[in-house]
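Right, one structure below, let's go through it.
The values are calculated or read from the model by the stated rules, or taken from the named source; none is laboratory data. It should be emphasised that the depicted structure is a prediction, and the values quoted were computed from it without experimental measurement. Cβ coordinates were reconstructed from backbone atoms using ideal geometry, including for glycine residues, and neighbour counts include every protein chain displayed. Note: accessible area is taken over every heavy atom of the protein model, side chains too, but ligands, DNA and RNA are not part of it. Shrake-Rupley method; radii C 1.70, N 1.55, O 1.52, S 1.80 Å.
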Amino acid sequence: MKDTLNVGLVGYKFMGKAHSNAFKKVEMFFEPSMKIVMKAICGRDEEWVKQSAEKFGWESYETSWEKLVKRDDIDMVDITAPSNVHKEIAIAAAEAGKHIFCEKPLALNLKDAREMLEAVEKNKVKHQIGFNYRFAPAIQLAKQLIDEGKIGEIYHFRALYLQDWIIDPEFPLVWRLDKTVAGSGSLGDLGAHSIDLARFLVGEFDKVIGVNKTFIKERPIVERMDGLTADAKADGPRGEVTVDDATLFLVEFKNGALGSFEATRFANGHKNGMSFEINGSKGSVRFEFERMNELWYYNSDDPEGLQGFRRIQATEPVHPYASAWWPVGHVIGYEHTFVHEFYEFVEAIAHDKQACPSFYDGVKCSQILEAVDLSIAERQWIEVDSL
Ligand code: SOE
């Protein structure tokens, strides 16, 4: 086993920053089996990527990802650029023998996602996808309770992913609203996280049926974007929104559970309102991301008269990842989920284990996204495995 892992990151905006921060923190709070070296960051705008390299602590920068993936001093390529370039970069990186971490959704469509999985398997490199919410301690605790049988047979999975950052009709036409760049709208950007959590906590999907809507069909062309904020010229040209603003769908799981999902960027007042509830024969769990340190748990075996949802603060040393951070009750946040996912990826590489969630999970998610879209187009239930 090599004792260092040299990382090359593609992208320097929202996710690029979240990942850079995580690479720095892994070593400070965990004891990874390999030392992470932040070798190079890559982006098209030289001025911006140079500044990001300095600010985030990368040793060097590149303006061409083709060059980055071929560098002999890079062991792992981390892709945070928009979805339309994931496939090309991942396949080139796999062929160059690099381990790959890729942001979600894995690709623009199922076909491309499958090609990416094929490439990493053929070239025998480790691969992981950025479903970071799995790594919130309270969600890991929910998984433990389910695996221990504390919830019993699962009947319902109810997921909401609610945001409102594009609700203003004058908000510019950013890349997330362009199907050729993002692949999908609220479904692929937000629903993908809920789908992954449902697969993680409940199991595989059997059938889906959905409905969607694009409420605002044209928007001003974007002039500048940073993270989730953007500007456009007043009275400038407008372009077509080519993705869904909201998607709702129903699911029958293979184990008999029923699921309902809502993903929208038009839920006024909700900023990053990712939540779910699971009801089973012995109890229930409930999670809301904006209170991510908490897990609500209902145990139907509690004594009569004392029954009710209890709020567990998942910050005790017994809770997953919690002992690496602060004393009990000193809560953690969004950025910590990325630290946990990279710690796990480094361990998978170091010990030659299958990383999880992998590109396989990315393909399963893309298969479900595509089944939902097809069900909307055909107005009927679609069996996920038929795709
Ligand atoms: C924007 O809608 C976004 O940042 C997504 O791209 C992320 O995946 C999600 O975690 C939060 O919202």
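Considering only the stretch 234-268, how many residues are open to solvent by less than 10 Å² (accessible area, probe 1.4 Å) and of a type in the set (D, E, K, R)?
Qualifying residue count for the region: 2.
Looking only at the stretch 166-188, count every residue that is aliphatic (A, V, I, L, M), part of a loop (DSSP other than H, G, I, E, B) and open to solvent by less than 30 Å² (accessible area, probe 1.4 Å) and tell me the total.
2
Among M1, M15, which is the only one that is open to solvent by 20 Å² or more (accessible area, probe 1.4 Å), within 16 Å of the ligand (Cβ to nearest atom) and not in a strand (DSSP E or B)?
Of the residues listed, the single one that is open to solvent by 20 Å² or more (accessible area, probe 1.4 Å), within 16 Å of the ligand (Cβ to nearest atom) and not in a strand (DSSP E or B) is M15.
F309: surrounded by fewer than 16 Cβ atoms within 10 Å (Cβ to Cβ) and away from the ligand (no atom under 16 Å from the Cβ), yes or no? Before the answer, list the steps.
Working: surrounded by fewer than 16 Cβ atoms within 10 Å (Cβ to Cβ): yes; away from the ligand (no atom under 16 Å from the Cβ): yes.
Answer is yes for this residue.
Among I312, I332, I349, which is the only one that is over 23 Å from the mean Cα position of the chain (by Cα) and in contact (Cβ under 8 Å) with a residue 24 or more places away in the chain?
The conditions single out I312.
Considering only the stretch 142-165, I want to know if a residue exists there that is more than 30 Å from Y297 (Cβ to Cβ), open to solvent by 20 Å² or more (accessible area, probe 1.4 Å), assigned to a loop (DSSP other than H, G, I, E, B) and within 16 Å of the ligand (Cβ to nearest atom).
Checked against the condition, which is being more than 30 Å from Y297 (Cβ to Cβ), open to solvent by 20 Å² or more (accessible area, probe 1.4 Å), assigned to a loop (DSSP other than H, G, I, E, B) and within 16 Å of the ligand (Cβ to nearest atom), the stretch 142-165 yields at least one hit.
Which one of the conditions (1) within 16 Å of the ligand (Cβ to nearest atom); (2) under 19 Å from the mean Cα position of the chain (by Cα) does V222 fail to meet, given that it meets all the rest?
That leaves (2) as the condition not met.
Could you check how many residues of the stretch 230-269 are within 24 Å of E204 (Cα to Cα) and assigned to a loop (DSSP other than H, G, I, E, B)?
Here the count works out to 4.
Looking only at the stretch 29-50, which residues are touching a strand residue (DSSP E or B) at 6+ places or on another chain (Cβ under 9 Å), open to solvent by less than 70 Å² (accessible area, probe 1.4 Å) and part of a helix (DSSP H, G or I)?
Passing the criteria: only V49.
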